[in-house]
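Encoded as structure tokens, the structure appears first; notes follow it.
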Amino acid sequence: MISTNSPLEVLIAIAAFIVAIGVLVAVHEFGHYWVARRLGIKVLRFSIGFGKPLWRRTGKDPDRVEYVIAAIPLGGYVKLLDEREGNVPDAELPRAFTRQPVWKRIAVLLAGPMFNLIFAVFLYWILFTAGVPALRPIIGEVTPDSIAARAGLRYEDQIIAVAGKPTETLEAATLGIIEDLTDDGTIEMRVRGVDGSERDLALIAGDRSRELTQPEALLPGLGFDIWQPKVPAVVATVMPDSAAAKAGLQPGDKILAVDQQPVADFNQLVRQVKPNPGRSVTLEIERDGQAMSVPITIGETTSGGRTVGLIGVTPVNQPIETGRTPQDLFTLQKYGVLGSISQAAAKTWDTSLFTLRIVGRIVTGNVSLKAISGPISIAETTGFAARQGWRIFLSTLALISISLGVLNLMPIPILDGGQIVYQLAELVKGRPVSERAQLLGQQIGIAMLILMMTLAFYNDIARHLN
């Protein structure tokens, strides 16, 4: 178990973040570029990144487009011929962006977000064609007297629908729970028990719904976790320089209790250690048939932006017999080459609608502002995904691409969506929006983006300090 603060993981996170943002920005800006050129609008520059150019090349085409890779990889832009940015020769006026019909301008503005969504479809098509193993939504431990326990949720129930929508995978179940929770504070759920019988449940969160949308608060707040194979709390390896190594734990030790709280399996050990970073406790262990007490100070690491406890041991790979097979726990989402297209399009559409609903509920206050993540969290997520393999990385890339596409369609003046609003206003009025109104809108848009970015950075930092 390596801390997420290790230099290697930091480097992987930074590299994965740069690759992800670079690819997605390139796709977005290529959308603007490609449609503009197809519609006869002159493109002056295509830049990935901002600031000082690191690489520059002039195209050999008649327009002599300048292609740039700049030093700050947090965005990009396509510069079009535009009368608002300087004098345009009379011969080139017909190719200026401002001289185009409204529909052409809207097409160019829409192209960036739409290419992000099309790119997500392409990524999901690759994944569904190759096959994506996914966890089934099977319930693990249920906390006594919790929201889940009061609703009648039981250990090893499988969630088969949320709010009437089938949930074959854990991801589908989690998204359904969040959406239904933020709708009215009640989660309508259909589950299948271990005996095969089906039941309808209502998990009533009431006025706690906003609180439960904070990072890592959903499942603990509802009072259940996801089922995992149980393995005995027997030490297989002890990490060098870990809390366990300093306390003298050895491979083969069986951990029986933590501060006199019995430990039935390794997952229960994790649940007792994780919330207590830095705390000194006593482990009751069995070594070579002899019981003994071992004092230990729990170590700490960062997970999901939060400081959690760990002692630095791994369990033996001998699951306790449960009667469940791998087919019970996993489903394979795999379709033919053509069938994957419709599945990928449906996945992108559903995720886009979910993103829009969550943004709307952040605005209305139904979802916590702490749910907004910034570059630090995105870098951690992409770094983690890169370490898990290409399937997880592509899936994460698709999710970020959808978010980038949807958020750029928001009616904020400095974004594509805000510029589309200006074009629609011109269509209704019969004349362009005044420069004063556009300048005011840009100032408001910049202020809103600065506010959002400040909040996102604050949330990222707060998660690490917490």
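FYI, it's all coordinate maths here, none of it is from the lab. As the structure is a prediction and not an experimental result, all values here were calculated from the model. Cβ sites come from the backbone with ideal geometry, for glycine too, and all protein chains shown count toward neighbours.
Details
- Tilt relative to the chain, helix 102-130 - C-alpha long axis, 0 to 90 degrees, to 10: 30 degrees
- Pairs spanning more than 23 Å between alpha-carbon atoms, out of Lys165/Lys347; Lys60/Lys104; Lys230/Lys254; Lys246/Lys274; Lys104/Lys429: Lys60/Lys104.
- Counting beta carbons within 10 Å around each of Ser242, Ser340 and listing the fewest first gives the order Ser242, Ser340.
- Interchain or long-range residues, amide H under 5 Å from Ala257's placed H: Val263, Glu284
- Karplus-derived 3J(HN,Hα), 6.51/-1.76/1.60, for each residue of region 422-430, Hz, glycine and proline x: 4, 5, 5, 4, 5, 4, 6, 6, x
- Using the Karplus relation 6.51 cos²θ - 1.76 cosθ + 1.60 with θ = phi - 60°, the per-residue 3J(HN,Hα) values for region 10-25 come to 5, 5, 5, 4, 5, 5, 5, 5, 5, 4, 4, 5, x, 5, 5, 5 Hz, with x marking Gly and Pro.
- Read-out Cα Rg over 2.2 N^0.38 Å, derived from the coordinates shown; its label in [x] 1.17; [y] 1.11; [z] 0.95: [x]
- Likely footprinting exposure, Thr174, Thr382, fewest C-beta neighbours within 10 Å first: Thr174, Thr382
- For Asp157, nonlocal amide neighbours, meaning residues 5 or more places apart or on other chains whose placed amide H falls under 5 Å from its own, are Ile139.
- Relative protection proxy for 250-257, 341-348, from highest mean packing down: 341-348, 250-257 (other beta-carbon atoms within 10 angstrom).
- By the count of other C-beta atoms within 10 Å, a proxy for reagent exposure, Thr182, Thr301, Thr98, Thr454 are ordered fewest to most as Thr454, Thr98, Thr301, Thr182.
- What the Cβ-Cβ distance of Ser280 and Thr143 gives, at R0 = 22 Å and to the nearest 0.05, is a FRET efficiency of 0.30.
- Estimated vicinal HN-Hα couplings, Hz - region 159-171 in sequence order (Karplus 6.51, -1.76, 1.60; Gly, Pro = x): 6, 10, 6, 10, 6, x, 9, x, 10, 6, 10, 4, 4
- For the chain, the longest principal axis of the Cα atoms and the long axis of helix 375-388 meet at an angle of about 60 degrees.
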